[in-house]
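> One structure is given below, represented as structure tokens, and several questions about it will come after.
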Amino acid sequence: MHVVTDTLRVYPAREQATTPGSGRDFAAELNPEQAAAATHGDGPLLIIAGAGTGKTRTLVYRVAHLIEQGVRAERILLLTFTRRAAQEMLSRVETLVGGSSKRVHGGTFHATAHRLLRKYGEAAGLAKDFTIMDQGDSADLLQLSRAQLGYGAKGKRFPKKETLQYVYSRHINTGISIDDIVRDGYAQFVEYLEDFGKIYADYTRRKQERNLVDYDDLLLFWALLLEASPELAERMTGMYDHILVDEYQDTNSLQARVLRGMCRTHSNITVVGDDAQSIYSFRGANFRNILDFPKQFPGATTVTLEQNYRSTKPILDVTNTVISRASERFTKNLWTQRTGGEAPWLVAARDEQQQTRFVVDRILELHEEGTPLREIAVLFRAGYMSADLEIELTNRKIPFEKWGGLKFLEAAHVKDVLAFLRILENPRDEVSWYRLLLLLPGIGDATARAAIDSMATAAWDSAAFGRYAPPPRAREAHSALVNLLDALRTGHSPEEAQVTAEISRVRLLYDGILRERYDRVEPRLADLDQLQIIAAGYPDRATFLSALALEPPQATQDLAGGTRDEDDHLVLSTAHSAKGKEWDAVFVIWAVDGWFPSARCLNNDDDTEEERRLMYVALTRARNNLSVTYPLNAYSSRRGADYSLDQLCRFIDRGVRDRMQRVALGTDDAPAREEALPSQPVLDLRALLRSRFSG
């Protein structure tokens, strides 16, 4: 009898046959500006690519041109902000020049830093088997330092671990001093400035002793290798003849520092970006990087892409006017050969409810005219602004997907399972030990810390946990965990993927814990099934854990409401999440001062200018239809009776409005029917009122 098991087998990919490049005329397939950028020779090149002007196509052809000109593919480094972007670009390069393009080194800044640190870090005192912490792990380790130093017991409010992690990360990525970051963003904690330094010193020590590297360390260590060791810098810079960078406006000061270091022996750097779409300063992105590129790389050639292939002319007229008000920018005026299209709508609604009804009615109208729901998006400044709209869409049974929410690896149940694997990979991983121990019945904070201290005393020997004597109430859980860890170290079937087998064994213990600790069990178990499938594609545990830390999956079913029954669904998105995307029809809602732009950004000129760029990004996502809506009044809270009169977004000024179509919304209240009244008065109201005071 044939027995089917759940064991996952790995089917190795076959080598694909590829054809050499065709020697095609790239210039004939590009517009003049794209061709000038793609066929540029040596030296620094800045490509200012306006929204929808084909910047990805230009970068792809630039890589292909370099290979056609004899540059060895493995000596080209393509840096992007997502692994998927690099993969898509290199796949397109392959169709142009053949399989040699597979040797191009492409990936994110952090993935490239990781690869170089694994190769050269040991020569600089960084143990080769370091473990990468994500942002959540970093905050947890800071919490351990915070508690160990006694700051959790202060009478006054002390910064939380998330605040400590944010300040630390911003300091590393921007170079701004901790004092200035705290004074500007957390003035209430200025009295603790000295304490910030003590916690960060302990945090740094813990990372070293436990062989941990956080996300920001990857870039910092890359920069330090380039700056502090001429020998290692020569080896790293000698690996590449050309460096290309996508979305350069989103780089931070540390990334720009790395690029200058990597180009110290040559100046063959190509960067592509749009200063008008620099909207990530809260992540540390530095608007000045792209503006100052010609100064940082003397002799740079600048090519501006202005022909837009996305939007109609009326939409471009509006977006060009919005961004023309920017205080500092590269001059460009996007144009298109597309004809037709109506002017974008500017819709004033009485209140949020009328705004919602208009948006939903117009979506249904466009859908009935043939526009798929997936080609329609509603954009807003912050996630909470779509609450009323989500209720109405649900009531009308219109399927939608909201971009944002909890990422896959931030889900507690996924982090729990990964903690087991991380301990196997690095027995000194204090954060994972602490997380794992608190899962077990009978083990609380004090017991977990005592166990960790015991293992640290034993130099984190892999068997140290087995020798630890727990309190009586925790003995059963301790024994179960010891047995599991011993089983995980014994190996697996040669036909079974190593990491998948390990997750299967972890789940023999963990699934029961999950059912006890969490609600909505089934979607969480489905996430763990998916984690096992993902793991099957990696050759070993170290590669798997590094890949997840560097390029984490974005979605989890847990908070997304499960799987969708329909493929065709409307998109709801923040303007930040919509960057890089486009739709046939776009609605920008809540275009009101204090909402979009955000109130907290209006007291600082730089922040206000970034809000202008964010509005520009939102508007330029539309191909054919664009509607901007704003409620004339809004209630201060959902239960309050007080409302305020709203002011239209300051970026939609008179010049912008002149290029838009003003739309008034008709009332949906049916007129009252006139009833015939008696011809003679039947009551004297004035007399009744006089009688109250006539005695």
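> Might you let me know whether region 553-573 holds any residue that is buried (at least 18 other Cβ atoms within 10 Å of the Cβ), at pLDDT 75 or above and under 30 Å from Asp129 (Cα atoms)?
no
> Still on this structure: Of all residues in region 46-66, count the ones that are part of a helix (DSSP H, G or I) and touching a strand residue (DSSP E or B) at 6+ places or on another chain (Cβ under 9 Å).
Filtering region 46-66 down to residues part of a helix (DSSP H, G or I) leaves 55-66.
Narrowing further to those that are touching a strand residue (DSSP E or B) at 6+ places or on another chain (Cβ under 9 Å): 55-56, 58-59, 62-63, 66.
Looking only at that region, the number is 7.
> Name every residue in region 287-325 that is open to solvent by 10 Å² or more (accessible area, probe 1.4 Å), under 23 Å from Arg621 (Cα atoms) and polar (S, T, N, Q), in order of residue number.
Thr304, Gln307, Asn320, Thr321, Ser324
> Can you find a residue in region 210-227 that is part of a loop (DSSP other than H, G, I, E, B), under 17 Å from Thr82 (Cβ atoms) and open to solvent by less than 40 Å² (accessible area, probe 1.4 Å)?
Initially, region 210-227 is screened for residues part of a loop (DSSP other than H, G, I, E, B), giving 210-211.
Add one more test, that the residue is under 17 Å from Thr82 (Cβ atoms), and what stays is none.
The answer is no; no qualifying residue exists.
> Let me ask something else about it. Which residues, taken from region 49-94, are surrounded by fewer than 19 Cβ atoms within 10 Å (Cβ to Cβ) and among the β-branched types (Val, Ile, Thr)?
Thr56, Val71, Thr82
> Are there any pairs with C-beta distances below 7 angstrom linking a residue in region 93-117 that is more than 18 Å from Asn211 (Cα to Cα) and of a type in the set (Lys, Arg) to a residue that is modelled with pLDDT under 90 and not in a strand (DSSP E or B), with the two at least 6 apart or on different chains, and if so which?
Matching pairs, first to second residue: Lys102/Glu94.
> Another question about this same structure. Leu373 is checked against (1) of a type in the set (A, V, I, L, M); (2) in contact with a His (Cβ under 7 Å, 6 or more places away or on another chain); (3) open to solvent by 30 Å² or more (accessible area, probe 1.4 Å) and fails just one. What number does that condition carry?
(3)
> A follow-up question, please. Under 7 Å between Cβ atoms, which residue pairs at least 6 apart in sequence (or on different chains) link something in region 189-210 that is without any contact (Cβ under 8 Å) to a residue 40 or more places away in the chain and of a type in the set (A, V, I, L, M, F, W, C) with a partner that is crowded, with 19+ Cβ neighbours inside 10 Å and not in a helix (DSSP H, G or I)?
Matching pairs, first to second residue: Phe189/Pro159.
> Separate question: What's the number of the condition Ile363 fails, among (1) crowded, with 17+ Cβ neighbours inside 10 Å; (2) modelled with pLDDT under 95?
Ile363 satisfies all of (1) crowded, with 17+ Cβ neighbours inside 10 Å; (2) modelled with pLDDT under 95 except (2).
> Yes or no: Val359 closer than 14 Å to Asp584 by Cβ and within 32 Å of the chain's Cα centre (by Cα)?
Details: closer than 14 Å to Asp584 by Cβ: no; within 32 Å of the chain's Cα centre (by Cα): yes.
For Val359, the condition - closer than 14 Å to Asp584 by Cβ and within 32 Å of the chain's Cα centre (by Cα) - is not met.
> Among residues belonging to region 113-137 that are in a helix (DSSP H, G or I) and open to solvent by less than 40 Å² (accessible area, probe 1.4 Å), point out the one that is modelled with the lowest pLDDT. Show your work before the answer.
Initially, region 113-137 is screened for residues in a helix (DSSP H, G or I), giving 113-124, 135-137.
Retained after the next criterion (residues that are open to solvent by less than 40 Å² (accessible area, probe 1.4 Å)): 113-114, 116-117, 120-121, 136-137.
Working: Ala113: 95, His114: 94, Leu116: 94, Leu117: 94, Tyr120: 93, Gly121: 91, Gly136: 86, Asp137: 90.
Per the criteria, the residue is Gly136.
> Just to be sure I understand, how many residues within region 494-526 are acidic (Asp, Glu) and crowded, with 20+ Cβ neighbours inside 10 Å? Don't jump to the end; show me each part of the working.
Step one: filter region 494-526 for residues acidic (Asp, Glu), giving 495-496, 502, 511, 516, 519, 522.
Those still in the list that are crowded, with 20+ Cβ neighbours inside 10 Å too: 502.
Selection size over region 494-526: 1.
> If you check Gln277 against the conditions, is it of a type outside the set (Ser, Thr, Tyr) and over 30 Å from Val167 (Cβ atoms)? Step through it out loud before you land on a result.
Numbers: of a type outside the set (Ser, Thr, Tyr): yes; over 30 Å from Val167 (Cβ atoms): no.
No.
> Please name all residue pairs, on different chains or six or more residues apart, with Cβ atoms under 7 Å, provided the first residue is in region 608-621 and is farther than 12 Å from Ser327 by Cα and among the charged types (D, E, K, R) and the second residue is part of a helix (DSSP H, G or I) and open to solvent by less than 10 Å² (accessible area, probe 1.4 Å).
Arg621/Ala578
> In this structure, does Ser138 turn out to be within 28 Å of the chain's Cα centre (by Cα) and within 30 Å of Gly197 (Cβ to Cβ)? So that I can check it myself, show each step before the final result.
Details: within 28 Å of the chain's Cα centre (by Cα): yes; within 30 Å of Gly197 (Cβ to Cβ): yes.
Yes: the conditions hold for Ser138.
> Restricting to helices (runs of 4 or more DSSP H) lying wholly in region 266-381: which have 2 or more residues that are free of Cβ contacts under 8 Å to residues at least 12 places away in the same chain? So that I can check it myself, show each step before the final result.
Working: elements: 288-291, 293-296, 313-324, 352-368.
Per the criteria, 352-368.
> May I pose another question? Please state which one of Pro44, Pro20, Pro32 is open to solvent by 90 Å² or more (accessible area, probe 1.4 Å) and at pLDDT 65 or above. Steps first, please.
Numbers: Pro44 fails: open to solvent by 90 Å² or more (accessible area, probe 1.4 Å); Pro20 fails: at pLDDT 65 or above.
Of Pro44, Pro20, Pro32, the one residue that is open to solvent by 90 Å² or more (accessible area, probe 1.4 Å) and at pLDDT 65 or above is Pro32.
> Tally up the residues in region 67-100 that are over 29 Å from the mean Cα position of the chain (by Cα), among the hydrophobic types (A, V, I, L, M, F, W, C) and not in a helix (DSSP H, G or I), please.
Residues meeting the conditions: 1.
> Here's another thing I want to ask about it. Are any of the residues in region 163-176 modelled with pLDDT of 90 or more, surrounded by fewer than 17 Cβ atoms within 10 Å (Cβ to Cβ) and out of contact with any Lys or Arg (no Cβ under 7 Å at 6 or more places or on another chain)? Break it down stepwise before answering.
Within region 163-176, the subset modelled with pLDDT of 90 or more is 163-176.
Those left that are additionally surrounded by fewer than 17 Cβ atoms within 10 Å (Cβ to Cβ): 175-176.
In the following step, the residues that additionally are out of contact with any Lys or Arg (no Cβ under 7 Å at 6 or more places or on another chain) were identified as 175.
Yes, the conditions are met somewhere in region 163-176.
The values are calculated or read from the model by the stated rules, or taken from the named source; none is laboratory data. Note that the structure is predicted; figures quoted are calculated from it, not measured. No Cβ is skipped: glycine too gets one built from the backbone with ideal geometry, and neighbour counts run over all protein chains shown. Side chains included, ligands, DNA and RNA excluded: accessible areas come from the protein's heavy atoms. Shrake-Rupley method; radii C 1.70, N 1.55, O 1.52, S 1.80 Å.
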